[in-house]
Amino acid sequence: MRKAEEQGFREFAVTHAASLRRTAFLFCGDWHTAEDLMQQSLMKLYQAWHRVQQQDHAGAYARKILLRTWLDEKRRPWRRAEQRDGELPEHADSNADPELVSGRLWARELIQKALIKVPPRQRAVLVLRYFEDLSVTDVAAVMGCTEGTVKSQTARGLVALRAAVDALENNGSTMESEVAS
């Protein structure tokens, strides 16, 4: 790789690493796995950097690599047996109103826990559509499917997400009533 290409890749990696890591976290629900996925994706992108003709689309190409890397990880048998019940670290803003912060943190945690219960392809569509703000066309290109598939997976994913949120809320209220008793 030429020095100019390598410098271009370094700039891209520094600029997009945090976004890729966040997207990976939304896919998998674990910060450590998200870090691994981001690094694997950047390594794969580095190997193919000379083929990335249009640097304007390098972000979309990186998201596609990240999605495929995550889906490959999901297929590995040892991942299926692993349980992730740990708590996610939250960084609260000390200047914010404590009541508002706790409400936002509760909602964020609820959505993240519910998102993990959504099937992988539906979760990928939801993350790309609503967290990465990609259009239906862009998601279809990243996932290598039709726009109709993206739309149906989005609809099914939202139904599954609502059901997971309801289940988590019902479990939480059941646990709260047991503690109060």
I need the full set of residues from segment 126-147 which are among the hydrophobic types (A, V, I, L, M, F, W, C) and part of a loop (DSSP other than H, G, I, E, B), in order please. L134, C145
Cβ-Cβ below 7 Å, separation at least six or inter-chain, first residue in segment 107-126 and closer than 21 Å to L66 by Cα, second in a loop (DSSP other than H, G, I, E, B) and among the hydrophobic types (A, V, I, L, M, F, W, C): which pairs? Q112/L88; L126/V118
Please find, within segment 1-58, the residue that is least open to solvent (accessible area, probe 1.4 Å) out of those that are basic (K, R), at pLDDT below 90 and part of a helix (DSSP H, G or I). R10
Hey, among the residues in segment 104-130 that are over 27 Å from E147 (Cβ atoms) and among the basic types (K, R), which one's most open to solvent (accessible area, probe 1.4 Å)? R104
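The values are calculated or read from the model by the stated rules, or taken from the named source; none is laboratory data. Note that the coordinates shown come from a computational prediction; the quantities given were computed from them, not determined experimentally. We place every Cβ from the backbone using ideal geometry, glycine too, and count neighbours over all the protein chains shown. Accessible surface is based on the protein model in full, side chains and every heavy atom, while ligands, DNA and RNA are left aside. Shrake-Rupley method; radii C 1.70, N 1.55, O 1.52, S 1.80 Å.
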